[in-house]
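One structure is given here, and the rest of the page talks about it.
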Amino acid sequence: MSRSRIVVVGAGFAGFEAARTLCRSVRDKAEVVLLNPTDYFLYLPLLPQVAAGILEPRRVTVSLPGALPRVRLVLGEADHVDLEKRFVRYTGPEGERGELTYDRLVLAVGSVNKLLPIPGVAEYAHGFRGLPEALYLRDHVTRQIELAAAGDGPESPARTTFVVVGAGYTGTEVAAQGKLFTDDLIRKQPGWKRKPAPRWLLLDIAPRVLPELDRRLSATADRVLRKRGVDVRTRTSVKEATSKGVHLDDGEFIETRTLVWCVGVRPDPLVADVGLPVERGRLVVDPRLNVPGHPEVFACGDAAAVPDLTRPGEYTPMTAQHATRQGRVAGRNVAASLGHGEQQTYRHHDLGFVVDLGGVKAAANPLGVPLSGPVAGAVTRGYHLAAMPGNRVRVAADWVLDAVLPRQSVQLGLVRSYNVPLDTASPELARVPGGPRKE
């Protein structure tokens, strides 16, 4: 008798946890297949530290074959789901096409950069959702500082001005870490004392930074950023982006060569193409993460509009905390649908949030207790170590080395601007001109 096949699409927070839960629940009684463009799980919250040179890139990646030994990994990008014939079509890393049939399907494709109809943004801005984008930003910022240090031309002020749009989690942390990074870079440049310090701007149309969080966390982050020298501008956004800089909606023009787009995320476009009901691009599911009318299909994480049972009438927000826990519930419910265990509904109360502001600074409210300063910094790093499914010792070692040794401020030259377009459904992959593309 052949084993049932469970296909999990996506290995972000939700997909990784779903696959891990499934391989523990069904063991050898069903085949678990994980379809993902890369062979690693990316711990996104620490990506700003990669861009700032604190952590090496492999520290925030966890090997999928190593962490999920009973799961078959298939490298590829899903581009079509046929619900009637029950198969997922994908494109492999070298352009080869393939299909995976399934008895149970878990859609956990996650999210991509959120785009807005602002002229020039798609051409001149770069997102911050994948490792290639973090590596590009690290090289780009280093290069701008080195070019500005080498000459006093009219382009120098633009090279040392960095604009981050979006003051949510990602944008706040990128600006906070980025300012410390560039301050460290200029200390290594002879004669920089005669030049102005690098300028970082953080823009958001919201009335405060971290608008989705508690006001006390927002106030702490705002205070740290401003004291550090970041120009925080709320109720402000970009009207147009050009090769020379950005036009703000208040009429000001900012000369810059760096525009980092962190305005938020949107569900992977694959979700809307499935042909099932969606809510703001997210697949509608019931409290058990099952797609109504399709008992064999489950969805979780940023790909799913999950009813929030703690707030009737609302859906759970697109956060890593929810995605991780939804992945576990989805894994248990898929296993239960095959006769292994009991199904359960998804219900989760927030345990609090942490925001790393660089150095020893952070803002946190574990279990609702507001913290700031070094205590919050220790709690934040402790939380990340506990949440990571691997590499904890290596990450901790890099933190210790960063505290006692100077950072290695060099350009690796591995990722260029054309490798990381803002408008992409796969920010985890660096695009190569002429390389294989999905049809």
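The values are calculated or read from the model by the stated rules, or taken from the named source; none is laboratory data. Just so you know, these numbers come straight off a predicted model, no measurement behind them. Glycine gets a Cβ as well: all are built from the backbone with ideal geometry, and neighbour counts include every protein chain shown. Note: accessible area is taken over every heavy atom of the protein model, side chains too, but ligands, DNA and RNA are not part of it. Shrake-Rupley method; radii C 1.70, N 1.55, O 1.52, S 1.80 Å.
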Computed label-point distance, nm, for sites ALA197 and ARG226 using a 7 Å Cα→Cβ extension: 1.6
Semi-axes a, b, c in Å (a largest) for the chain, each sqrt of 5 times a Cα gyration tensor eigenvalue, come to 38, 23, 21
How big is the shadow of the Cα convex hull of region 60-105, averaged over all directions, in nm²? 4.3
Any idea how far the Cα center of region 296-345 sits from the one of region 15-41, in Å? 16
What number results when the radius of gyration of region 363-403, computed over Cα atoms, is divided by 2.2 N^0.38 Å? 1.25
Note to self: C-alpha centroids of region 240-255 and region 194-225 sit apart, in Å, by 19
C-alpha long axis of helix 131-150 to longest principal axis of the chain, angle in °: 10
Please report, in Å, the Rg and the Dmax of region 351-439, where both are computed over Cα atoms only. 18.2, 52
What order, most packed first, do the peptides 96-108, 276-288 have when packing is the mean number of other Cβ atoms within 10 Å of each residue? 96-108, 276-288
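Could you grab the relative contact order for region 293-428? Cα pairs under 8 Å, six or more apart, rounded to a whole percent.
11
Would you please report the Å³ per residue occupied by the convex hull of the alpha carbon atoms in region 154-255?
In region 154-255, the Cα hull volume divided by residue count equals 99 Å³.
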Antiparallel bridge percentage (DSSP; both residues within region 49-208; nearest 5): 65
Can you give the Rg to Rh ratio of region 1-154, both from alpha-carbon atoms, with Rh computed by the Kirkwood formula? 1.09
Using only C-alpha atoms and all pairs of different ones, pull out the Kirkwood radius for region 31-76 in Å with one decimal. 11.6
Add -39500 (n - 2.57) for each DSSP H run of 4 or more in the chain, then divide by its residues: what number comes out at 222 nm, to the nearest 500 deg cm²/dmol? -9500 deg cm²/dmol
Protein accessible area in the chain, 1.4 Å probe - carbon and sulfur %: 52
Per Stokes-Einstein, at 25 °C and 0.890 mPa s, what whole-number D in µm² s⁻¹ belongs to region 283-439, with the Kirkwood radius over Cα pairs as the hydrodynamic radius? 127
Could you give each residue of region 380-394 its phi-based ³J(HN,Hα) in whole Hz, using Karplus coefficients 6.51, -1.76, 1.60 with θ = phi - 60°, and x for Gly or Pro? 4, 5, x, 4, 5, 5, 5, 7, 5, x, x, 6, 4, 5, 5
Over the chain, relative contact order from alpha-carbon pairs under 8 Å, at least 6 apart, %: 21
With every protein chain present, what is the per residue accessible area of the chain (1.4 Å probe, Å²)? 44
What ranking of HIS322, HIS126, HIS247 comes out by heavy-atom accessible area, probe 1.4 Å, highest first? HIS247, HIS126, HIS322
Could you report the accessible area of LYS29 in Å², rounded to 10, computed with a 1.4 Å probe on the protein chains as they sit in the structure? 140
Pairs of Cα atoms under 8 Å, at least six residues apart: use those to get the relative contact order of region 1-143, whole percent. 29
Under a point spin-label approximation (7 Å from Cα along Cα-to-Cβ), what is the ARG416-LEU385 distance to one decimal in nm? 4.1
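Cβ neighbours within 10 Å, averaged per peptide: list 135-145, 150-160 in order, most packed at the top.
Averaged packing, sorted descending, gives the order 135-145, 150-160.
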Spelling it out for TRP200: with amide H atoms placed in the peptide plane at 1.01 Å from N, the residues 5 or more places away or on another chain with amide H under 5 Å from its amide H are PHE162, ASP231
In what sequence, highest mean first, do 111-117, 331-337 appear when ranked by Cβ atoms within 10 angstrom? 331-337, 111-117
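In the neighborhood of GLY130, defined by Cβ-to-Cβ distances under 12 Å, what is the net charge if each Lys or Arg adds +1 and each Asp or Glu adds -1? List each step's numbers first, then the result.
Details: positive: ARG129, ARG431; negative: GLU133, GLU428.
That sum, taken over residues with Cβ under 12 Å, equals 0.
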Which value does Rg/Rh take for region 213-319 over its C-alpha atoms, Rh per Kirkwood? 1.13
So, in Å, what gap is there between the alpha-carbon centers of region 42-110 and region 353-426? 23
Quick check: residue separation of THR310 and ARG24 times 0.36 nm, minus the Cα distance between them. What number comes out in nm? 100.1 nm
Amide H partners (placed H, <5 Å) of ASP79, local residues excluded: ARG89, TYR90, THR91
Which ³J(HN,Hα) values, rounded to whole Hz and listed in residue order, are derived for region 407-421 from phi using the Karplus coefficients 6.51, -1.76 and 1.60 in 6.51 cos²θ - 1.76 cosθ + 1.60 with θ = phi - 60°, glycine and proline given as x? 6, 8, 8, 10, 8, 8, x, 8, 10, 9, 4, 6, 7, 10, x
Any idea what the alpha-carbon Rg over 2.2 N^0.38 Å comes to for region 309-357? 1.38
